[in-house]
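Accompanying notes for the structure given below.
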Amino acid sequence: NEAIDDFRYLIQAYPNSGLLPRIHFAIADCYYNQGKYEEAMKTYKYIVLTYPSNPLAPEAMKSVQQSLMLLGREDEAAALLDTFITENDESPYVTEFRWKKADMFYTGGKYADAVTAYEDFIEKHPNSNKSPDAIYWMGKSYINLNENEKAIEAFNKLRQKYPNSDFAPMGLLEQGLLYKKMA
């Protein structure tokens with residue numbers, strides 16, 4: 001609480017400081033560490049909406065997602081990401097936000113939504129260094145959906161399109177395990 005008060009003093013004393021995004025982030029972290037996720041989210045959202053091109057924006061968005069997930073509100077986390085992406089399409093962090101959305105669905109066990117989000121990521125960012133990762137995780141999502149043929153297609157596409165990526169051999173391994181399981 002003392003830290004929050006000190007940070008608020010800095011905001012009032014230096015309203016034009018270039019450190020304002022960092023100060024707000026520190027306040028949000030204080031709330032998060034206290035378990036006051038609603039207050040933390042308000043401040044993280046403020047950073048994302050007020051400073052969308054600041055390097056802290058992706059971290060703030062990630063923290064909002066974590067807070068929402070801790071509160072059991074995954075759908076709200078996805079909607080927030082969609083809103084940010086739509087309203088800030090020119091932000092250099094949109095690629096990372098699209099990735100976080102797909103990852104959030106996968107880690108949350110929403111595999112059909114993850115497939116859609118990974119497909120969207122690949123379509124919107126075909127030259128991203130995360131495209132091989134997206135194809136791999138799409139294949140893993142298909143496995144979890146028991147759509148084995150689609151998983152095999154994804155792993156084949158991964159090896160054909162990105163043979164030198166770190167995920168190509170992992171996809172081959174997953175494909176082999178899948179064939180073994182199907183035999």
Helix-derived mean residue ellipticity, 222 nm - over the chain, DSSP H n ≥ 4, -39500 (n - 2.57), to 500: -24500 deg cm²/dmol
At a 1.4 Å probe, what is the % contribution of carbon and sulfur to the accessible area of the chain? 51
Taking a probe of 1.4 angstrom, what is the accessible area of R8 in Å², to the nearest 10? 100
Sorted by accessible area (1.4 Å probe), largest first, how do W99, W137 line up? W137, W99
Which of E38, E74, E123 moves the most in a Gaussian network model of the chain with Cα springs under 10 Å? E123
Using alpha-carbon pairs under 8 Å, 6+ residues apart, how would you state the relative contact order of the chain in percent? 11
Most fluctuating of Q12, Q34, Q65 in the GNM of the chain (C-alpha, under 10 Å) is Q12
Mind putting a number on the dipole of the chain about its Cα centre? Charges go on the C-beta only, +1 for Lys and Arg and -1 for Asp and Glu, and I need it in Debye to the nearest 20. 500
Whose amide H sits under 5 Å from the amide H of L56, counting only residues 5 or more places off or on another chain, with H placed in the peptide plane? none
Quick one: dipole size for the stretch 123-166, taken about the Cα centre, charges +1 on Lys/Arg Cβ and -1 on Asp/Glu Cβ, in debye to the nearest 20. 120
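The values are calculated or read from the model by the stated rules, or taken from the named source; none is laboratory data. The shown structure was predicted, so the numbers you read here are calculated from the model rather than taken from an experiment. All Cβ positions, glycine included, derive from the backbone under ideal geometry; neighbour counts span all protein chains shown. Calculation scope for accessible area: heavy atoms of the full protein, side chains included, ligands and nucleic acids excluded. Shrake-Rupley method; radii C 1.70, N 1.55, O 1.52, S 1.80 Å.
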